[in-house]
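To keep things clear, I will list the structure first and then write my remarks on it.
The values are calculated or read from the model by the stated rules, or taken from the named source; none is laboratory data. On a predicted model such as this, the values are computed, not experimentally measured, just so you know. Ideal geometry is used to build each Cβ from the backbone, glycine not excepted, and the neighbour counts take in all protein chains shown.
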Amino acid sequence: MRETVLDVRGTNVRMLEAGTGPVLLFLHGIDGPSADPLLETLAQRFQVMAPEIPGFSRSLIPDWMMSVSDAAFFTLDLIAALGGDKLHLAGHSIGGWIAAEAATRSTSAIASLSLLAPAGVMPKQRPAVDVFLLSGEEGVRALFHDQALADKEIAARAEQPLDITLQNRAGLARLAWTPRMASVTLPHWLHRVDVPTYITWGVEDKILPFSTHEIFMREIAGAQFKSQQGCGHAIPQERGAEVARDMIAFIEGVK
């Protein structure tokens, strides 16, 4: 994937970009953007754009971005800056929360919404772990059901500069510290999502419990759902190619 930079009302946004076709804007999860199997497969059908959410990876968080609500409005500004026809919006974890919040505000430039284990609502059951209390190898292992994949991720992160790891943790804390990874208001506004929506969740998710999907499904009219057996929170790595194919089929069926 190639790196591009887009100016969004004075904020430079780095993006990973690949593929051709209809635009699919993907908002990453808690560890920043990466060229994972999900994006690589989606790029076979779409022009995939995966921006760094301000505050993650190498992007400093603006002083005025204090909440996911701010990040959602910023996403709508980013979409406007891209121009062109309606695009397909997708997000994982914290990125799924931001995508859902953006869609409750306006879908005038959004053709469809895909949410992969999105944060944003209070879980029906207590999470197995608190993402803010984990670090290093322990934190990576909590993301994965397949511990062989966790081993590979741990090895890869050993090559990652420490400042990027710390930036990701600081960015996540800025947006989702309290209540943990959730909003008390989002469930009341999800009914405003009026575009075709696909939701998927790992059955073995320790970060955001699987049963949380029921709240999204209850509130978003007509949403399609697929469970991911033997999968934790790291959907793009554990089920990336399979989920991408499901998303392609779902989006191609959007009228």
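The table below lists the values:
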| item | result |
| --- | --- |
| Matching helices (runs of 4 or more DSSP H) fully within the stretch 67-171 where at least 3 residues are farther than 22 Å from Phe250 by Cα and in contact with a helix residue (DSSP H, G or I) (Cβ under 6 Å, 6 or more places away or on another chain) | 68-82, 136-143, 147-157 |
| Count of the stretch 236-255 residues which are modelled with pLDDT of 95 or more and outside any helix (DSSP H, G or I) | 1 |
| Subset of the stretch 5-43 (residues that are assigned to a loop (DSSP other than H, G, I, E, B) and out of contact with any Phe, Trp or Tyr (no Cβ under 6 Å at 6 or more places or on another chain)) | Arg9, Gly10, Thr20, His28, Gly29, Ile30, Asp31, Pro33, Ser34, Ala35, Asp36, Ala43 |
| Exclusive hit being out of contact with any strand residue (DSSP E or B) (no Cβ under 8 Å at 6 or more places or on another chain) and in contact (Cβ under 8 Å) with a residue 40 or more places away in the chain, set Arg157, Arg180, Arg169 | Arg180 |
| Where a residue in the stretch 32-46 is farther than 10 Å from Met1 by Cα and its partner, wherever it lies, is hydroxyl-bearing (Ser, Thr, Tyr), with Cβ under 7 Å and at least six apart | Gly32/Ser57; Pro33/Ser57 |
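One line per residue, one yes/no per condition, for (1) of a type in the set (Val, Ile, Thr); (2) out of contact with any strand residue (DSSP E or B) (no Cβ under 6 Å at 6 or more places or on another chain):
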| position | (1), (2) |
| --- | --- |
| Thr4 | yes, no |
| Ala18 | no, no |
| Ser57 | no, yes |
| Met66 | no, yes |
| Asp77 | no, no |
| Glu101 | no, yes |
| Thr104 | yes, yes |
